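Quick notes on the structure that follows.
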Amino acid sequence: MKKLHKLLEQAVNNRASDIFIIAGGMLSYKVSGKIDSMGDEERLRPEDTDKLINDIYQLANRSLEQYMKNGDDDFSLSIAKLARFRVNTYFQRGSKAAVIRVVSFHIPEYKELAIPEEVMKVSELTHGMVIFSGTAGSGKSTTQACIIDYINKHRNAHVITLEDPIEYLYKNDKSIISQREIAIDTNDYLSALRACLRQAPDVILLGEMRDYETIKTAMTAAETGHLVIATLHTKGAVNTIDRIIDTFPSTQQGQVRIQLSMVLDSVISQQLLPKKDGGMIPAMEIMHMTPAIRNMIRESKSYQIDNVIQTNSNLGMIAMDQSILNLYKQGLIKKEAAVDYAVNQEQMDRKILV
């Protein structure tokens, strides 16, 4: 247990985002997007990872039953005066392994994270659906936490969060916040979402939309006067919209296009880029609904949406590559990062050379 405490403290002190406990490799962590050894020169053996992961479960006061039965598990734990940790345990090549996400007790100030004011305007909405998209580790949860925290400090509302697992913890301020963890406070996202519609919510934070039933219920919630903030593991507004529609059976997709075009307010897609001086900074694509985009969704012409985003910066919209280019021009990221993370790398390379 002493070794586990030491590595968790080391990760927090070095501002690591993730810790990797995998047999055959070094005990490692990710700092500013780069994976480094935590100092031990010996590679972990299966018995080493077994001991560390058993200690994690003991520290979390959690049974290994689900992990041993299913082969993976997802939960969170807190260490007083240190941090919260989101833990994903799994088996690889027959041995126990884990990736631990470090989550601060303190919800960071959105300005410190360089989250655009345009994104924070989501906190002012009273109804409709806003989707945050991006790959795992792109900072979606932190951005959403900043928005919920802002609502909590500035609005009188009942906010219900449905998470798997709970990451950031909120203290009631001007709002009342109910945080429900999947598999502990409720069975699954769908049943929790259906139940929360009877719990007088003003804002619903949906950690993940995994199937068409959940998406359908979320759209209905947005349609009936709630603000629904949801997450999808997709890249870009167009892919997000297509993914939602493709989740439904073909016989329902026409109706879904109409419903989505009415309830969707914004799609915000983000990724984290390494800063020149260390740390990470978000690049964000922002799409707001306009009459033209609503028609494109209804008429199955979502491939035209990118052009609307690029030509409507006056409405607060911005394409991913333009967001990245702006970070480069501000001197916040290197050319290599700008090109590597761009959607159109050749075009980005040409724009930087100009």
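The values are calculated or read from the model by the stated rules, or taken from the named source; none is laboratory data. Just so you know, these numbers come straight off a predicted model, no measurement behind them. Note: ideal-geometry Cβ built from the backbone for every residue, glycine included; neighbour counts use all protein chains shown.
Restricting attention to segment 308-334 and to residues that are over 23 Å from G279 (Cα atoms) and of a type in the set (S, T, N, Q), the residue that is surrounded by the fewest Cβ atoms within 10 Å (Cβ to Cβ) turns out to be N314.
Find the strands (runs of 3 or more DSSP E) located wholly in segment 28-99 whose residues include 2 or more that are charged (D, E, K, R) and either assigned by TED's automatic domain parsing to the domain that holds L7 or over 15 Å from L7 (Cα atoms) (or both), and list them. Write out each step before concluding.
Numbers: elements: 28-31, 34-37, 72-79, 83-92.
Correct list: 34-37, 72-79, 83-92.
Checked against (1) more than 21 Å from the chain's Cα centre (by Cα); (2) under 27 Å from I176 (Cα atoms); (3) not hydrophobic (A, V, I, L, M, F, W, C), R210 meets all criteria but (1).
Summed over segment 275-313, residues that are in contact with an Asp or Glu (Cβ under 7 Å, 6 or more places away or on another chain), in a loop (DSSP other than H, G, I, E, B) and not hydrophobic (A, V, I, L, M, F, W, C) total 0.
Can you tell me which residue is farthest from I215 (Cα to Cα) among those in segment 235-279 that are surrounded by fewer than 20 Cβ atoms within 10 Å (Cβ to Cβ) and under 17 Å from the mean Cα position of the chain (by Cα)? Among those residues, the one meeting the criterion is K235. Q255 meets all of the listed conditions (1) within 22 Å of S313 (Cα to Cα); (2) among the polar types (S, T, N, Q); (3) not in a strand (DSSP E or B) but one, namely (1). Residue count for segment 12-23, restricted to those that are among the small types (G, A, S) and at pLDDT 95 or above: 1.
Within the bounds of segment 183-197, is there any residue that is in contact with an Asp or Glu (Cβ under 8 Å, 6 or more places away or on another chain), more than 24 Å from Q259 (Cβ to Cβ) and assigned to a helix (DSSP H, G or I)? Spell out how you get there, then give the answer.
From segment 183-197, those in contact with an Asp or Glu (Cβ under 8 Å, 6 or more places away or on another chain) are 183, 189-190, 192; that's our starting set.
So of that shortlist, the ones also more than 24 Å from Q259 (Cβ to Cβ) come out as 183.
Filter once more, keeping what is assigned to a helix (DSSP H, G or I): none.
No, segment 183-197 has no match at all.
Taking segment 166-177, which residues are surrounded by fewer than 17 Cβ atoms within 10 Å (Cβ to Cβ) and either without any contact (Cβ under 8 Å) to a residue 40 or more places away in the chain or assigned to a strand (DSSP E or B) (or both)? Of everything in segment 166-177, those that are surrounded by fewer than 17 Cβ atoms within 10 Å (Cβ to Cβ) and either without any contact (Cβ under 8 Å) to a residue 40 or more places away in the chain or assigned to a strand (DSSP E or B) (or both) turn out to be K171, N172, D173, K174, I176.
No other residue among N61, N13 is surrounded by fewer than 15 Cβ atoms within 10 Å (Cβ to Cβ), on the phi > 0 side of the Ramachandran plot and within 27 Å of the chain's Cα centre (by Cα) apart from N61.
Taking residues in segment 3-17 that are within 12 Å of V103 (Cα to Cα), and partners anywhere that are among the basic types (K, R) and not in a helix (DSSP H, G or I), the pairs with Cβ atoms closer than 7 Å and at least 6 places apart or on different chains are A16/K30; S17/K30; S17/R101. In segment 135-165, how many residues are modelled with pLDDT of 95 or more, over 22 Å from T220 (Cα atoms) and not in a helix (DSSP H, G or I)? So the count comes out to 2. Checking the structure you have, find out if any residue of segment 232-244 is within 30 Å of E109 (Cα to Cα) and touching a His at 6+ places or on another chain (Cβ under 6 Å). For segment 232-244, residues within 30 Å of E109 (Cα to Cα) and touching a His at 6+ places or on another chain (Cβ under 6 Å): absent. Does A283 satisfy the condition of being in the same structural domain as A221 (by TED's automatic domain parsing) and crowded, with 18+ Cβ neighbours inside 10 Å? Taking the combined requirement at face value, the residue satisfies it. Picking from residues in segment 18-40 that are more than 27 Å from A337 (Cβ to Cβ) and in contact (Cβ under 8 Å) with a residue 40 or more places away in the chain, the one that is surrounded by the most Cβ atoms within 10 Å (Cβ to Cβ) is I21. Being within 27 Å of V267 (Cβ to Cβ) and aliphatic (A, V, I, L, M) holds for only one residue in I79, I107, I100, and it is I107.
On the basis of being within 21 Å of T135 (Cβ to Cβ) and charged (D, E, K, R), does D306 make the cut? So D306 fits the description; yes.
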